[in-house]
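No value in this document is a laboratory result; all are computed from the given coordinates. Keep in mind the model is a prediction, meaning the values are calculated, not measured. Here the Cβ is made from the backbone with ideal geometry for all residues, glycine too, and neighbour counts use every protein chain on show.
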Amino acid sequence: MKREIKQKKCKSCGRKFALFNSLAQVCSVDCAIQYAKDNKVQEQTRIKLTRITKEKIKTRSEHLRKAQTVFNAFIRERDKNEPCISCGRYHTGQYHAGHYRSVGACPELRFCELNVHKQCSACNNHKSGNIIEYRINLVKKIGVEQVEWLEGSHEPKKYTIEQIKSIQTEYKNKLRELKRGA
């Protein structure tokens, strides 16, 4: 008894073809090329839609975190040739964007460039910002009037998602300009 060869429908052109391989999806090389192109376009469309959907469901705090990351990168790049604001050391270790007034204590100054400076991880993490030395060096850097302004009271800010996105874009552009100029 002769076995009948199973027929399958081509995923590209729709014609029936004899299955020469159990994994075959298309009937010819030309159909395979077209099928691959179509799948690539579909995959790109799917990726784009997924990206848009993920952006739509992001929370305000996720946007803030992303904007803070870009802002901190800008601060590190801006101050890259300066020592740690607290201890005054130059070293090859990790540097942070250290806030004089912390984000927890004064969230309205979170994106204030006067409030944030390059700080070594030892001062920022292990010495809780080394705040006394930070203040002494900050006065030398920006002046006592600016420091007193930072220490004063400020109007609370509740950023909208659109404002946060514009802050992120602004600091991305500033960072790009700094890197170009270097």
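The angle between the Cα long axis of helix 60-78 and the longest principal axis of the Cα atoms of the chain comes to about 60 degrees, rounded to the nearest 10. A simple spin-label model places pseudo-atoms 7 Å from Cα toward Cβ; at Thr50 and Lys157 they are separated by 3.5 nm. Summing Cβ point charges (Lys, Arg +1; Asp, Glu -1) relative to the Cα centre of the chain gives a dipole of roughly 1560 debye.
Can you give the net charge of the other residues whose Cβ lies under 15 Å from the Cβ of Lys16, counting K and R as +1 and D and E as -1?
Working: positive: Lys6, Lys8, Lys9, Lys11, Arg15; negative: Glu4.
Net local charge, Lys16 excluded: +4.
Of the residues Val147, Thr59, Cys106, the one whose Cα sits farthest toward the positive end of the charge dipole of the chain, with +1 on the Cβ of Lys and Arg and -1 on the Cβ of Asp and Glu, is Thr59. Here Lys48 is the anchor, and the lysines within straight C-alpha reach of less than 30 Å, apart from those fewer than 8 places off in the same chain, are Lys9, Lys11, Lys37, Lys40, Lys56, Lys58, Lys66, Lys165, Lys172, Lys174, Lys179. For the chain, the longest principal axis of the alpha carbon atoms and the long axis of helix 131-142 meet at an angle near 90°.
Short-range pairs are left out: with C-alpha atoms under 8 Å and at least six residues apart, the relative contact order of region 101-182 is 30 percent. Derived from the Cα gyration tensor, the three semi-axes of the equivalent ellipsoid of region 70-181 are 22, 19, 13 Å, largest first. For the chain, the relative contact order comes to 20 percent (Cα pairs under 8 Å, sequence separation of at least 6).
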